[in-house]
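Student: Provided herewith is a single structure, encoded as structure tokens, for subsequent inquiry.
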Amino acid sequence: MAATALTRNGISEATPVEIRRRIGAALIDWTICVVAYVVVSIPLGLIEGFGFALRSESSTAAPGRVVTLLAQIAVLLPTLLYFTLGLREGHTLGMAAFDFKTLDARNGKPPGIVRSLVRSLVSVAFGAAVVLAYMGHSAEHTYWSHYERTIYVLALIVTGIVVVDKAFVPAHRSGRALTDRLFRLVRVTGAAGDTDRGLSDWLDRRVGR
């Protein structure tokens, strides 16, 4: 099946990425992100603890809230940078390992830095929502504050959006999720001129192709 991106540089010969390749790439990418999260959360956790200590004193409560918020935001920066820099080049390490690229559906080129950044922000938000929804589902709700319940409900709503978004990958012949369409991106494999297939040869042998 031909990809929907028809370009001037041979990408028109590519095909949509199979689901198994997308899953494999996602496992690699998010494993890298989890490891990065654990590494940076150690020093940032100390900074966040310092922020909580400041908040316990009325005279330093405002700076403490700022320090805590900045530490909580900073812990997600490695994941944001990883996806942003990867998409800017057309592929993350996981995508490269499974021999496919994420390209502009209009011209077959990697998305620019701005679109890569915004798309990465969406990925981080989706990932955080799924984790929060899972943690909230597993937690005891009896003593939750109104704020915590609101966060949980929002996480469930975003998780539902994620499910619908990913459901379009196998459901539509183009193999594009709703977010791919929103950002005018296409994920393709087998583009003309690509000789490095990463883990694709191994994957093909495993499934008997």
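Throughout, read-outs are computed from the coordinates displayed, never taken from laboratory work. Quick caveat, the model's predicted, so the values are computed rather than measured. Ideal geometry is used to build each Cβ from the backbone, glycine not excepted, and the neighbour counts take in all protein chains shown.
Student: Provide 134, 37 in ascending order of the number of other Cβ atoms located within 10 Å of each residue's Cβ, fewest first.
Tutor: Values: 134 12, 37 16.
Taking fewest neighbouring Cβ atoms as first place, the list is 134, 37.
Student: Still on this structure, please answer the following. Would you tally the net charge around residue 112, using a Cβ to Cβ cut-off of less than 9 Å, leaving residue 112 out, and scoring K and R as +1, D and E as -1?
Tutor: So the environment of residue 112 carries a net charge of +2.
Student: Between region 18-45 and region 125-175, what is the C-alpha centre distance in whole Å?
Tutor: When both Cα centres are located, 18 Å separates them.
Student: When you count, for each residue, the other Cβ atoms within 10 Å and take the mean per peptide, how do 104-110, 175-181 rank with the highest first?
Tutor: 175-181, 104-110
Student: Give me the Kirkwood hydrodynamic radius of region 19-175, using the inverse of the mean 1/r over all pairs of distinct Cα atoms, in Å to one decimal.
Tutor: Working: mean 1/r = 0.0562 Å⁻¹.
About 17.8 Å for region 19-175.
Student: If you don't mind, there's one more thing I want to ask. How far apart, in nm, are the 7 Å Cα→Cβ label points at residue 26 and residue 72?
Tutor: Label at residue 26, label at residue 72, 2.7 nm between them.
Student: Test of understanding: what is the full-extension gain from residue 171 to residue 121, defined as 0.36 nm times their sequence separation minus their Cα-Cα distance?
Tutor: Length gained between residue 171 and residue 121: 15.5 nm.
Student: Moving on to the next point. How much FRET efficiency would the formula 1/(1 + (r/R0)^6) give for residue 89 and residue 151, where r is the Cβ-Cβ distance and R0 is 41 Å, rounded to 0.05?
Tutor: With R0 = 41 Å, the Cβ-Cβ based efficiency is 0.75.
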